[in-house]
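This report concerns only the one structure given below.
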Amino acid sequence: MTAFFCDSSAIVKRYIAETGSVWLMATTDPKNNPVYVARITYVEVISAITRREKGKHISAIDADNARLQFEQDYLNEFQKVEISENLIVEAANLVKKHALRGYDAVQLAAALETEMERLTVGLSSLTLLSADMNLNAAAVSEGLTVDNPNNH
């Protein structure tokens, strides 16, 4: 069983058709493989959908449907990673080390924490899915397996 940690740039592809959406949907079925997301992903994905609606890239009906489906999946399908004080401190260290944007560092810190927790209890390593090249480079540097949905 493969486990995935999806940042917002990846998980939004489940709800908005764009490059990599078909691959992501086929790859990340939460019923068959655990899909982890940081708690902040909720607001980031709602924002991404709403910005596409306001920018007239998707219709209001499609945006409403995408938000509703995401909210249902967020509540019922995804494994949420809490944003603790320790995670925030680690994210700040990752910013200093890799010059990441703030929320990208939080995403990476959450993925690294999840990876460590999985390995500690004898579970398999996870794969970080992200369409953010800077985040992916930092994740590889930190030892994570990474895949970019935009490559599929």
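The values are calculated or read from the model by the stated rules, or taken from the named source; none is laboratory data. Predicted, not measured: the structure shown is a model, and the values here were computed from it. Cβ: placed from backbone, ideal geometry, glycine included. Neighbour counts: every protein chain shown.
Figures for the structure shown
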{"quantity": "Count of segment 21-38 residues which are in a helix (DSSP H, G or I) and either aliphatic (A, V, I, L, M) or surrounded by fewer than 16 Cβ atoms within 10 Å (Cβ to Cβ) (or both)", "calculated": "4"}
{"quantity": "Residues being of a type in the set (A, V, I, L, M, F, W, C) and in a strand (DSSP E or B) - total across segment 114-138", "calculated": "3"}
{"quantity": "Pair list, Cβ < 7 Å and 6+ apart or interchain, from segment 33-56 residues that are on the phi > 0 side of the Ramachandran plot to residues that are part of a loop (DSSP other than H, G, I, E, B) and surrounded by fewer than 17 Cβ atoms within 10 Å (Cβ to Cβ)", "calculated": "none"}
{"quantity": "Residue among ALA91, ALA138, ALA63 that alone is hydrophobic (A, V, I, L, M, F, W, C), over 27 Å from MET25 (Cβ atoms) and more than 13 Å from the chain's Cα centre (by Cα)", "calculated": "ALA91"}
{"quantity": "Of all residues in segment 77-87 being within 17 Å of PHE4 (Cα to Cα) and of a type in the set (Asp, Glu), the one that is surrounded by the most Cβ atoms within 10 Å (Cβ to Cβ)", "calculated": "GLU77"}
{"quantity": "Counted residues, segment 94-124 - those being of a type in the set (Gly, Ala, Ser) and under 16 Å from the mean Cα position of the chain (by Cα)", "calculated": "5"}
{"quantity": "Out of ALA111, ALA63, sole residue that is at pLDDT 95 or above, part of a helix (DSSP H, G or I) and surrounded by 21 or more Cβ atoms within 10 Å (Cβ to Cβ)", "calculated": "ALA111"}
{"quantity": "Check on ASN150, closer than 26 Å to THR19 by Cα, part of a helix (DSSP H, G or I) and touching a Gly at 6+ places or on another chain (Cβ under 7 Å)", "calculated": "yes"}
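Here is a yes/no grid of residues against (1) at pLDDT below 95; (2) exposed (fewer than 11 other Cβ atoms within 10 Å of the Cβ); (3) among the hydroxyl-bearing types (Ser, Thr, Tyr); (4) out of contact with any Lys or Arg (no Cβ under 9 Å at 6 or more places or on another chain):
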| residue | (1), (2), (3), (4) |
| --- | --- |
| ILE40 | no, no, no, yes |
| VAL45 | no, no, no, no |
| THR50 | no, no, yes, no |
| LEU68 | no, no, no, yes |
| LEU75 | no, yes, no, yes |
